[in-house]
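Undergrad: Here's a structure for you.
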Amino acid sequence: MSIVERARGIGIVPVVSIPRLEHALPLAEALLEAGLPCAEITFRTAAAAEAIPRIRPRFPEILLGAGTVLTTEQAETAISAGGEFIVSPGTNLTVVDHCLTNGVTIFPGVCTPTEIEMALSKGVDVLKFFPAEPMGGVKFLQAICAPYKNVRFIPTGGIDTKNVGQYLALPQVVACGGSWMVKPELFEAGDFAKVKQLAGEAVALVRELRG
């Protein structure tokens, strides 16, 4: 299956900021045991670049990517480490070009028609809608889907158990990005049992919504 098909099958993309490298493997194990084999490791912490190669060989079944990628250097680091997809908060065409040249899936961030058309000009039609809730949430996404019927979205930003169902109900939504089950304070407390519980609840919710 393609990266997009795998993401759609999972339904939730955990957006992870890892405070310390030693959290990487317990996190991956908790997600897998919960039935949520996916993680977007954000390049917001110093541990991110090393977390991907730490997880990749131990848990090859996880759909593993890098988020908050702002530069081609970060993209190359993630790709070289085994990242299967790249996510950026905006549509940086230089980063998009780098990923496409290397045959790597990228989900650039968009929140306006102009940004959507910038991505489409590069042949990229699965996009991160960010920041979803502050930009108008489901109503805004419904409106933007009307003229862009062939574009699919991964909404991220302000999504949790209270509203994820509304997004997943939209046909053009592939999956939702969220961090409610992978908050850094849970890692710092060593509470990976809670991570597993919350991730398991997310999986159950997706199954209930999508069957």
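Undergrad: Along the charge dipole of the stretch 1-150, which of Pro26, Ala47, Thr94 sits closest to the positive end, that is, farthest toward it, with unit charges on the beta carbon of Lys, Arg, Asp and Glu (+1, +1, -1, -1)?
TA: Result: Pro26, furthest along the dipole toward the positive end.
Undergrad: For the chain, set up a Gaussian network in which alpha carbons nearer than 10 Å are linked by springs, and say which option among Leu100, Leu168, Leu141 fluctuates the most.
TA: Result for the chain, Cα springs under 10 Å: Leu100 fluctuates most.
Undergrad: Additional query: Write down the accessible area per residue of the stretch 98-203 in Å², having rolled a 1.4 Å probe over the full set of protein chains.
TA: I get 44 Å² per residue for the stretch 98-203.
Undergrad: On a straight-distance basis, which aspartates and glutamates could pair with Lys122 in a cross-link, Cα separation under 12 angstrom, same-chain partners fewer than 8 positions away excluded?
TA: Within the straight-line cut-off, Lys122 pairs with Asp97.
Undergrad: Scan around Ile12 for amide H atoms under 5 Å from its own, H built in the peptide plane at 1.01 Å from N, and keep only partners 5 or more places away or cross-chain.
TA: For Ile12, whose amide H was placed from the backbone, the distant partners under 5 Å are Cys176.
Undergrad: Additional query: Under a GNM of the chain (C-alpha, springs under 10 Å), which listed residue has the highest mean-square fluctuation: Ala175, Ala75, Ala34?
TA: Among Ala175, Ala75, Ala34, the largest GNM mean-square fluctuation belongs to Ala34.
Undergrad: Let me ask something else about it. Quick one: 3J(HN,Hα) in Hz for the stretch 105-112, Karplus 6.51/-1.76/1.60 with θ = phi - 60°, rounded, Gly and Pro as x.
TA: After applying 6.51 cos²θ - 1.76 cosθ + 1.60, I find 5, 10, 10, x, x, 9, 8, 9 Hz.
Undergrad: What base-10 log of the normalised intensity I(q)/I(0) is obtained for the stretch 55-176 from the Debye formula, alpha carbons as equal point scatterers, at q = 0.13, 0.20, 0.23 Å⁻¹?
TA: Computed log10 I(q)/I(0) values: -0.51, -1.09, -1.29.
Undergrad: Moving to a separate point now. Could you work out which residue, out of Val69, Val87, Val151, moves most in a Gaussian network model of the chain, that is, has the largest mean-square fluctuation with Cα springs under 10 Å?
TA: Answer for the Gaussian network model of the chain: Val151.
Undergrad: Nothing charged except the Cβ atoms of Lys and Arg (+1) and of Asp and Glu (-1): what's the magnitude of the dipole of the stretch 6-58 about its Cα centre? Round to the nearest 20 debye.
TA: It comes to approximately 180 debye.
Undergrad: Let me ask another. Among the helices of the chain (complete DSSP H runs), which have Cα atoms covering no less than 15 Å along the helix axis and a Kyte-Doolittle mean of at least -1.0?
TA: 48-58, 192-210
Undergrad: Here's a follow-up. Across the stretch 154-211, how large is the tail of the calculated P(r) beyond 13 Å, expressed as a percent of all Cα pairs?
TA: 61
Undergrad: Right, something else. Exceeding 30 Å between C-alpha atoms, which entries from my cross-link table qualify? They are Lys139/Lys194; Lys139/Lys183; Lys128/Lys196; Lys149/Lys194; Lys162/Lys194; Lys128/Lys183.
TA: Too far apart for the 30 Å limit: Lys139/Lys194; Lys149/Lys194.
Undergrad: Of the options Ser17, Leu127, Val174, report the single residue whose Cα projects farthest towards the positive end of the charge dipole of the chain (beta-carbon charges: Lys, Arg +1; Asp, Glu -1).
TA: With unit charges placed on the Cβ atoms, the residue in question is Val174.
Undergrad: Under 20 °C and 1.002 mPa s, how fast does the stretch 118-173 diffuse according to Stokes-Einstein, given a Kirkwood radius computed over C-alpha pairs? Answer in µm²/s, whole number.
TA: 187
Undergrad: Further, regarding this structure: State the three equivalent ellipsoid semi-axes of the chain, derived from the C-alpha gyration tensor as the square roots of 5 times its eigenvalues, in descending order and whole Å.
TA: 25, 21, 14
The values are calculated or read from the model by the stated rules, or taken from the named source; none is laboratory data. From a predicted model like this one, the values you see are computed outputs, not experimental measurements. In this analysis, Cβ positions are derived from the backbone assuming ideal geometry, glycine residues included, and neighbour counts consider all displayed protein chains. The accessibility values were calculated without ligands, DNA or RNA, using every heavy atom of the protein model including side chains. Shrake-Rupley method; radii C 1.70, N 1.55, O 1.52, S 1.80 Å.
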